[in-house]
């Protein structure tokens, strides 16, 4: 069993990221779906070694736009989502995931949390940790063999 935190769109809000450090220390993997890559460079080494990240449309031109990797028996696609037009439609992202054989797609860009399944592919958007967001959210994912369970945490940052 693997525990994962999925974060996206921090946009310079190191305060929220720092508050997550105790939780990040407990999980096996931290996924960052872009727009705030620089926020991750000051994390403790013990945490930064667990991070997989992609760049978003507001990040520099350094880094990959999407990556694929396996967690237990599931294939993950991590992307920001801007190049797949996720603010308007999920067809292009779905077709990309299908072509790669991905079971789970983690994306950001919209700042809107979402968990849904389409033809056996689980899509997860953790929302945003931007300081300007009314609701700051992240996703907690558990992978246990072939089973993937994702939840959005909406209460961790209440009052921030």
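The values are calculated or read from the model by the stated rules, or taken from the named source; none is laboratory data. Model, not experiment: these values are computed from the prediction. Ideal geometry is used to build each Cβ from the backbone, glycine not excepted, and the neighbour counts take in all protein chains shown.
What the table shows:
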| item | result |
| --- | --- |
| Single unsatisfied condition, residue 107 versus (1) at pLDDT below 95; (2) touching a helix residue (DSSP H, G or I) at 6+ places or on another chain (Cβ under 7 Å) | (1) |
| Filter pass, residue 39 being over 16 Å from residue 142 (Cα atoms) and in contact with a helix residue (DSSP H, G or I) (Cβ under 9 Å, 6 or more places away or on another chain) | yes |
| Strands (runs of 3 or more DSSP E) enclosed by the range 96-159 - at least 2 residues per element that are buried (at least 23 other Cβ atoms within 10 Å of the Cβ) | 104-106, 121-125, 138-144 |
| Filtered residues of the range 1-55 (kept if modelled with pLDDT of 95 or more, surrounded by fewer than 20 Cβ atoms within 10 Å (Cβ to Cβ), touching a strand residue (DSSP E or B) at 6+ places or on another chain (Cβ under 8 Å) and assigned to a loop (DSSP other than H, G, I, E, B)) | 1, 27, 28, 50 |
| Tally, over the range 58-74, of residues that are on the phi < 0 side of the Ramachandran plot and either in contact with a helix residue (DSSP H, G or I) (Cβ under 6 Å, 6 or more places away or on another chain) or not in a strand (DSSP E or B) (or both) | 9 |
| Yes/no for residue 58 being farther than 19 Å from residue 143 by Cβ and surrounded by 14 or more Cβ atoms within 10 Å (Cβ to Cβ) | yes |
